[in-house]
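Scroll down for the structure; my scribbles are underneath it.
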Amino acid sequence: MVATVAAGGPDSAARCRRRQPYATRRTSFYANLRPQLYRLIESETVDPVRNPYAPGAGQRPPELAGRDRELQQFEVVLERVARGRPERSMIITGLRGVGKTVLLNAFRSMAIQRLWGTGKIEARPDQSIRRPVASALHMAVRELAPRHRAPDRIEGFLGVLKAFAQAGEEPAGRTAKARAHRWQPGIDVPAARGRADSGDLEIDLTELFVDAASVATDVGAGIALFVDEMQDIPADDVSALCAACHELSQNGGPLIVVGAGLPHLPAVLSASKSYSERLFRYARIDRLDRDSADVALLAPAEREDVTFTKDALDALYGAADGYPYFVQAYAKVVWDVAPDTPITADDIKVAAPEAESELAVGFFGSRYERATPAERDYMRAMAMLGDEGDTPVSTASVADELGRKPSSLSPARDGLIKKGLIFSAERGLVAFTVPHFGKFLRSQPA
Ligand SMILES: Nc1ncnc2c1ncn2[C@@H]1O[C@H](COP(=O)(O)OP(=O)(O)O)[C@@H](O)[C@H]1O
Ligand SMILES: [Mg+2]
């Protein structure tokens, strides 16, 4: 039998209190009896196997806390569209890690529950949305198809969809390379002609949306197309997408585009089409308030018969500052560290360094590494000028701080915007897209 005792260190003592039992002959006897004794043993401990928390991009949280208002708003959107009422679609904006992707996925589940067809894309800089949109609508219509009484209507639509997707391909589609990149949608019907295949995305999207909406009308449902990281859609495509949504909102078809993106997304959309403000209802999501953050922590724990002391909740709110990603990250480590329920403020103290170093690598570091040396200098200057709350700083003051001419810094600034590390919601101002990023940079050695 191998006796393993965790090596010393400030945080190992607490772990030993729980983990040590696995190391002795006597407790391995209990471990073998565990299936029978499960309830007796486990009800007293905080079992790492049952750790409910889920830090990670797009990870579904064990409890979606503090988003009731947005969920209700979306319910209304779905209901109004279903009744053919004029309705603006919804766009969620916020910093990284506030839960946009997770909320978008929750919206999608709501649409699926209503038996709508749904599809989702994640926009990327420099990538046209033509093919991703084609795949997403293909999926949405496939969900509706079994309920459709006229298979030839579905086939007709799929022909248009195929033509739409292929219209974006290089005309030199005869070369082997181009053929290899041909869209392989698994659509057996031949591509239609004369609809959604002009090559002009605005015209083609409009026609495609109108046709998709009419298939949905046939089965008495709707279609929802979800677009994550919407700020990354290339400028021409954004303008085409807005135009298609505009057209659709006028003829009342039951198809909506629901987006999520960084805080400057409304500015991106209105720069592209001035009427976009009337097209979308923007919902900015942010840190969770104290009550919601407590719910995010307590509800999943209590389902496992574990709770937190009030001091522990205070300490966690202080550390995570209500940001959902941080809430999950701290809670995950604290759970593993805590020997017993209730989890205490001391457990949080023990867990904090590990949680912080995980965030430094996984949340902050992975993003920082994407930046070039010049871009890093730019962000460091921003951090030096910034405050605790990461309020936007002026580009002129960044130039001052670096002792450079503002124009010479445009490439660094534009590069950072493109990489999604900073954003500019207002002319002449820049801010970090990642909460606490300034604080993180200030804590790093130069
Ligand atoms: N309402 C919420 N309550 C609790 N945790 C949440 C909530 N929303 C998101 N999270 C958690 O926050 C993290 C980031 O969520 P994500 O949707 O990826 O954020 P974003 O898309 O805004 O960057 C995930 O670990 C997720 O589980
Ligand atoms: Mg996201």
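Bear in mind that the values in this text are calculations on the coordinates, not laboratory data. None of these values were measured; they are calculated from a predicted model. No Cβ is skipped: glycine too gets one built from the backbone with ideal geometry, and neighbour counts run over all protein chains shown.
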- Task: Take every Cα pair under 8 Å in region 299-436 that's 6+ residues apart, average their separations, divide by the length, and report that relative contact order as a whole percent.
- Result: 18 percent
- Rounded tilt (10° steps) of 235-251 against the dominant C-alpha axis of the chain: 70 degrees
- Would you mind checking the tilt of helix 373-385 against the longest principal axis of the Cα atoms of the chain, expressed as 0 to 90 degrees and rounded to 10? 70 degrees
- Message: I'd like to know which of Ser397, Tyr325, Ile121 lies farthest towards the positive end of the charge dipole of the chain, counting +1 on Cβ of Lys and Arg and -1 on Cβ of Asp and Glu.
- Response: Ile121
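Please list 202-210, 108-116 highest first by mean number of surrounding beta-carbon atoms within 10 Å per residue.
On the way: 202-210: 21.6, 108-116: 16.0.
Answer by packing, highest mean first, reads 202-210, 108-116.
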- Give, rounded to the nearest 20 debye, the magnitude of the charge dipole that the chain has about its Cα centre when Lys and Arg contribute +1 at Cβ and Asp and Glu contribute -1 at Cβ. 880 debye
- Under-5 Å amide H pairs with Ile92, H placed in peptide plane, nonlocal only: Gly259, Ala260, Gly261, Ala283
- Which FRET efficiency, nearest 0.05, do Arg114 and Ser270 yield, Cβ-Cβ r, R0 22 Å? 0.15
- Message: Between region 301-317 and region 140-160, what is the separation of their alpha carbon centroids in Å?
- Response: 50 Å
- So what's region 68-284 giving for Cα Rg divided by 2.2 N^0.38 Å, two decimals? 0.98
- For Lys273, counting only lysines whose alpha-carbon sits under 30 Å away and dropping same-chain residues fewer than eight positions off, the answer is Lys100, Lys120, Lys162, Lys418, Lys419
- Message: Ignoring everything except DSSP H segments at least 4 long, calculate the 222 nm mean residue ellipticity for the chain; use -39,500 (n - 2.57) per segment, divide by total residues, nearest 500.
- Response: -15500 deg cm²/dmol
- Query: Counting pairs of alpha carbon atoms under 8 Å apart in space and at least six apart in sequence, what relative contact order in percent does the chain give?
  - Reply: 19 percent
- Message: Of Phe157, Leu144, Phe107, which is farthest towards the positive pole of region 105-160's charge dipole, taken about the Cα centre with +1 and -1 on the beta-carbons of Lys, Arg and Asp, Glu respectively?
- Response: Phe107
- Query: Hey, quick one: spin label on Arg69, modelled 7 Å out along Cα-Cβ, who in region 233-267 has an amide N within reach, i.e. under 20 Å?
  - Reply: 259-267
- Query: By its C-alpha gyration tensor, with a ≥ b ≥ c as the square roots of the eigenvalues, how is region 370-443 shaped: rounded for a/c under 1.5, else prolate for a/b larger than b/c, else oblate?
  - Reply: rounded
- Starting from the Cα-Cα distance between Arg60 and Met139, subtract it from 0.36 nm times their residue separation and give me the gain in nm to one decimal. 26.3 nm
- Computed label-point distance, nm, for sites Arg153 and Arg290 using a 7 Å Cα→Cβ extension: 5.5 nm
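Tell me the relative contact order for region 370-443 as a rounded percent, counting alpha carbon contacts under 8 Å between residues six or more apart. Don't skip to the answer; put the middle values down first.
On the way: 88 pairs, mean separation 29.7, N = 74.
Once normalised by length, the contact order is 40 percent.
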- Could you list log10 I(q)/I(0) for the chain at q = 0.06, 0.09, 0.13, 0.14 Å⁻¹, which the Debye formula gives when each Cα is one point scatterer? -0.34, -0.73, -1.16, -1.23
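First select every other residue whose beta carbon is under 14 angstrom from the beta carbon of Asp68; then total the charges, Lys and Arg +1, Asp and Glu -1. Can you show the working numbers first?
On the way: positive: Arg67, Arg69; negative: Glu63, Glu70, Glu75, Asp289, Asp291.
Here the count lands on -3.
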- Task: Find how much the distance from Arg88 to Asp340 grows on full extension, using 0.36 nm per residue of separation minus their present alpha carbon separation; answer in nm with one decimal.
- Result: 85.8 nm
- Item | Packing-based ranking, highest mean first, of 190-201, 145-156, 329-340 given that Cβ atoms within 10 Å are counted | 329-340, 190-201, 145-156
- Query: Hey, rough spin-label estimate for Arg303 and Lys418, points 7 angstrom out along Cα→Cβ, what's it come to in nanometres?
  - Reply: 4.3 nm
- Item | Derived scalar couplings ³J(HN,Hα) [region 122-135; Karplus, 6.51 cos²θ - 1.76 cosθ + 1.60; whole Hz; x for Gly, Pro] | 10, 5, 10, x, 6, 10, 5, 7, 4, 5, x, 5, 4, 5
- Query: How much net charge surrounds Pro55 when only other residues with a Cβ under 10 Å from its Cβ are counted (Lys, Arg +1; Asp, Glu -1)?
  - Reply: 0
